């Protein structure tokens, strides 16, 4: 008597493999979030200047964008296991080593290694879902991916504060190290050891892969220093932007002319992919603004420590967990375009609500903002990943995967530079206006500076909130996503 296997109940090993890549995603995102919050403690502990400390994040971003094209290619010709397991293992080692650094230079070097290894973890997620899971369980995996990508934004402030207050900033590397070791162990057991495709490896497109990675790395190096060096007034910024543009131009020309190029230029004709990617780039800014502007406001205006407002962000975790699981539960009734537009609208509304902030706002006034934005985050990734992957043919998948991950990684650096520049100019404008008023109104210099920052935060939130609301209209151009496979089960 034989038992027929139910394809919608994947084997345990497949589930272990999926759990492994999700642990890798969570480790990489959590690592970036915790380090971002701990920079002030790092600076003081290692006796580094502010300019030196900036390189802690720059080094990670450069390593990440350099490795992404090669990781995606190697995952296709050498199996995902050969990428995930060593990347997760060495990511854990680099995190553990970072706990023992004695200088900022050592930390920057290890952050570059973390970027090289952590940057290879996140791109392994969606191909693993597709290979290991049918559409129904895959939607659940998309929901869990969304939680792994957004929960660090909610957990970061409280976890960083608890670790640095109780132990040291060095303890922030423990959780990412443990998660990545779990990812390595899960990948070792859950993914089969398949033969290496030597015939495909010999066709490697080194020009295409390296020009894209190095081109984005040059743009990151220029963007991360742009605000500090006043953008194109500095040769550093101009030179790296020019080099990045030339390398990406070379990649584009090579893709169009080379018969076996790593990427396909006609992927740009895929409407759903391009609309979703463009929208995702702006939504990334929304995530960064909420994750940095609100904490910065509470520190500057209310003189609070992360330990004081960590609970505020923990509240954001509720919709980040509940809504993705709800989408997976009712996947058969899902209209990805409507859910995606709703996610963007909720985030835009949250930013517009926050734009009304004043210097008197406390944690309680910000609670509706983080709940609304958390709801938008919770609805984001399931429809986004369906739009990016579901109706795409195999020839376009590597290019689509590379674009998605490069926008995620490279967009962070450009977003930080643009955000810092906007805030700086807005703050100086409001500062000058307030100083003129201060002649007739009794305002101290410190009060003027604080109010100028509050108004600058409001300006940034307004611009980005209006942009998100307007982008909702763009979603009307999306084509329906084929979910017929769900209806048959």
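The values are calculated or read from the model by the stated rules, or taken from the named source; none is laboratory data. All figures in this text were calculated on a predicted structure; none of them were measured in a lab. Neighbour counts run over all protein chains shown; Cβ positions are idealised from the backbone, glycine included.
Matching residues to (1) outside the structural domain of residue 134 (by TED's automatic domain parsing); (2) more than 19 Å from residue 356 (Cα to Cα); (3) at pLDDT below 85:
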{"position": "423", "(1), (2), (3)": "yes, no, yes"}
{"position": "426", "(1), (2), (3)": "yes, no, no"}
{"position": "445", "(1), (2), (3)": "yes, yes, yes"}
{"position": "448", "(1), (2), (3)": "yes, no, yes"}
{"position": "462", "(1), (2), (3)": "yes, no, no"}
{"position": "472", "(1), (2), (3)": "yes, yes, no"}
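Regarding residue 346, is this residue in contact with a helix residue (DSSP H, G or I) (Cβ under 9 Å, 6 or more places away or on another chain), at pLDDT 80 or above and more than 23 Å from residue 226 (Cα to Cα)?
Yes; evaluated as a whole, the condition is true for this residue.
Just one of the numbered conditions (1) within 26 Å of residue 129 (Cβ to Cβ); (2) more than 23 Å from the chain's Cα centre (by Cα) is not true of residue 382; which one?
With (1) within 26 Å of residue 129 (Cβ to Cβ); (2) more than 23 Å from the chain's Cα centre (by Cα) applied to residue 382, the lone miss is (2).
Looking for whichever is at pLDDT 85 or above, closer than 19 Å to residue 223 by Cα and either assigned by TED's automatic domain parsing to the domain that holds residue 296 or within 18 Å of the chain's Cα centre (by Cα) (or both) here; the options are 29, 62. Which one fits?
After applying the criteria, what remains is 62.
Given 409, 413, 395, 417, which one is modelled with pLDDT under 80, surrounded by fewer than 19 Cβ atoms within 10 Å (Cβ to Cβ) and assigned to a helix (DSSP H, G or I)?
395
Looking at region 301-310, can you tell me whether even one residue there is at pLDDT 85 or above and touching a helix residue (DSSP H, G or I) at 6+ places or on another chain (Cβ under 6 Å)?
no
Results for (1) at pLDDT 85 or above; (2) touching a helix residue (DSSP H, G or I) at 6+ places or on another chain (Cβ under 7 Å); (3) not assigned by TED's automatic domain parsing to the domain that holds residue 315, shown as yes or no for each residue.
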| position | (1), (2), (3) |
| --- | --- |
| 170 | yes, no, yes |
| 185 | yes, no, yes |
| 244 | yes, yes, yes |
| 253 | no, no, yes |
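Across region 356-374, what is the number of residues that are assigned to a helix (DSSP H, G or I), under 17 Å from residue 464 (Cβ atoms) and in contact (Cβ under 8 Å) with a residue 40 or more places away in the chain?
Total meeting the criteria: 5.
Would you check if residue 301 is over 22 Å from the mean Cα position of the chain (by Cα), under 28 Å from residue 360 (Cα atoms), in the same structural domain as residue 382 (by TED's automatic domain parsing) and assigned to a helix (DSSP H, G or I)?
yes
Inspect all residues belonging to region 271-282 and state whether any of them is buried (at least 18 other Cβ atoms within 10 Å of the Cβ) and over 21 Å from residue 409 (Cβ atoms).
yes
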